Each structure stands twice: as C-alpha cells, then as structure tokens.
1. Report every pair of residues separated by at least 6 positions or lying on different chains whose Cβ atoms are under 8 Å apart, first residue within the range 191-212 and free of Cβ contacts under 8 Å to residues at least 60 places away in the same chain, second aromatic (Phe, Trp, Tyr) and not in a loop (DSSP other than H, G, I, E, B).
2. Looking for something outside any loop (DSSP other than H, G, I, E, B), open to solvent by 70 Å² or more (accessible area, probe 1.4 Å), of a type in the set (Ser, Thr, Tyr) and modelled with pLDDT under 90 - is there at least one such residue anywhere in the range 160-173?
3. Please identify the pairs in which a residue from the range 115-126 that is in contact (Cβ under 8 Å) with a residue 24 or more places away in the chain has its Cβ atom under 6 Å from the Cβ atom of a residue that is open to solvent by 40 Å² or more (accessible area, probe 1.4 Å) and small (Gly, Ala, Ser), counting only partners at least 6 apart or on another chain.
4. Here is a check on your reading of the model: is TRP21 open to solvent by less than 40 Å² (accessible area, probe 1.4 Å), at pLDDT below 95 and not charged (D, E, K, R)?
5. Count, please, the residues in the range 197-239 that happen to be open to solvent by less than 70 Å² (accessible area, probe 1.4 Å), over 17 Å from TRP130 (Cα atoms) and either at pLDDT 95 or above or not acidic (Asp, Glu) (or both).
6. All but one of (1) surrounded by 20 or more Cβ atoms within 10 Å (Cβ to Cβ); (2) in contact with a helix residue (DSSP H, G or I) (Cβ under 9 Å, 6 or more places away or on another chain) hold for VAL116, so report the exception by its number.
7. Tally the residues that are free of Cβ contacts under 8 Å to residues at least 40 places away in the same chain and aromatic (Phe, Trp, Tyr), restricting the search to the range 127-150.
8. List, please: which pairs have Cβ atoms under 7 Å, are six or more places apart or on different chains, and start with a residue in the range 74-97 that is at pLDDT 90 or above and surrounded by fewer than 16 Cβ atoms within 10 Å (Cβ to Cβ) and end with one that is in a loop (DSSP other than H, G, I, E, B) and not aliphatic (A, V, I, L, M)?
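The values are calculated or read from the model by the stated rules, or taken from the named source; none is laboratory data. It should be emphasised that the depicted structure is a prediction, and the values quoted were computed from it without experimental measurement. Cβ placement follows ideal geometry from the backbone for every residue including glycine, while neighbour counts extend to all protein chains displayed. Ligands, DNA and RNA are excluded from the accessible area calculation, which covers all protein heavy atoms including side chains. Shrake-Rupley method; radii C 1.70, N 1.55, O 1.52, S 1.80 Å.
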Amino acid sequence: MKQRIDLDLAGARLDLHRQWWLAEGLSVSPALWRHQAGSQVSAERGPAPATGGVAVWIAGPDWGVSLSVELQLDGTAVLAYQAPLGLVEERVRVRSLDAWDALLNDAVQRASRLKVQYAQLLAASCTTGWLDWFHGELWLLPDSLVRVRGGFVDTVVNSVGPGIREHTATSVIGYDPVAVLGGHRTNKVIPFDGIAHARLHPGLTTAGLAVTMKDGTRHKLLWLSSEPARRVLADRLLPIFGSRLIR
C-alpha cells in the first residue's frame, strides 16, 4: 500500500518555492488544490482545504517548455512539460517532504534545459565498444546523436504516444543533454556541428560508427547489423559531412 503524504505540509513547502521562483523572474501560478472529485480551485490565500492533490504551473522567459507539477495524495508526482510540438510527462514516487523539495528544484532546473523535439530510434543494441556488454539505445535527433545505456525514455522523460521503440517511428521526446550525460558514463551526446569526420562500418553481424570530434575526442558506437542505423545514418549524415563521411 502506498504511503500517503501530508498535502498541507507539501503545499506549505510549495509556497516557499513559489516565492523563490517569482524572485528569480519566473511566471508561477498560485497553488492549485484538487478536490477528490477532480475540480481545481486556487488556494493562494488561507489554509489549504482537504484535497486529493496540489499542483503548480511554471514558465521561464527563456524556456522552451512550460512545466506543471502535481503531487497526489498517494505520493505520486506528475510532471508535465508542454511545448508547441506536444506534451511529455514523467511520474515520480515522492516518499517524503524532503523528496518533494528536491523534486521541485530538479523539475525547474530540468525545464530550463529541456527541449521537446522529434527523435528516431535507430538501434536498441547499441554499445560503445567491444568491451561494453550492455546494450543501449541510439537515437537520431535533428542536431545530434544520442546513445543511452538502458533506454532513452528511462533516462530522460517519457515519450507520449505509441511506437516509441519502433525503429521507423518518429517520437516526440523531452531531451535534456545534462540528464543524458549524467545518467551513465557510457551515455553519449554527439552534436553534428562538433564532428570533424566520421566512418560508418558495415558488417555481417555488427555495424558501427567511429567519430572524431573537432576537439580530438573520439567516439565508437556498435549495433547489430539487422537494425537500420547504418542505412539511416548514411542518408542523414552524407548531406552534412560530404567527403568527411566514409562509408
């Protein structure tokens, strides 16, 4: 059974954060209290009524998304990042008021960095070399390649809509490069504008990509040849790099 959280105290903590966010120049709604029946009322003044949840809406002048956070009575927090391309959501279990404080801080920091954009899954068997035994996902974004150990949607923000793991599908995702790189040491973010040259390797069972960045950093990515990564990357990268891409 899930442990319930004291929403009155959580609302008081939220009010403190609201004051800080407003002082930083963010746009912040009053605390919104949800009754058990599901309707919302503003409770900016006076004590909080008995409710089923408390929520807030936040936006920054330079953000690419707006953020809403709702804490439900059972301790489930729903984070929703809204952008012109669509909505992405994340659900987090909050077990204490201190965890609620940390979640609010983290959600606002993430929202300031987050980009909601299209992405295509190229491979689900991607590793960073022959000694890397853990498969990850390789994603093609408009301006970069992202390799994530254990799954992109588990490391960043859940995608909305079906087909997230279909190689031919283009999904709307919430992309935070800081969260990706902080998730595991083998995660990679490879921006196209930082690549000096690249080589695509064919193979009967395993194909790969070797990249040298303009600063001299080198990256190696391997995946099963049965996946479409090599074909898609050849079509996508050739117009960008020309003779700097060896196939």
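1. ILE195/PHE241; HIS197/PHE241; ALA198/PHE241; THR206/TRP223; ALA207/TRP223; GLY208/TRP223
2. Checking the range 160-173: at least one residue is outside any loop (DSSP other than H, G, I, E, B), open to solvent by 70 Å² or more (accessible area, probe 1.4 Å), of a type in the set (Ser, Thr, Tyr) and modelled with pLDDT under 90.
3. Here the result reads LYS115/GLY64, each pair linking the range 115-126 to a residue that is open to solvent by 40 Å² or more (accessible area, probe 1.4 Å) and small (Gly, Ala, Ser).
4. no
5. Counting residues in the range 197-239 that are open to solvent by less than 70 Å² (accessible area, probe 1.4 Å), over 17 Å from TRP130 (Cα atoms) and either at pLDDT 95 or above or not acidic (Asp, Glu) (or both) gives 12.
6. (2)
7. 2
8. ASP74/LYS2; ASP74/ARG4; ARG93/GLY75; ARG95/GLN3; ARG95/GLY75
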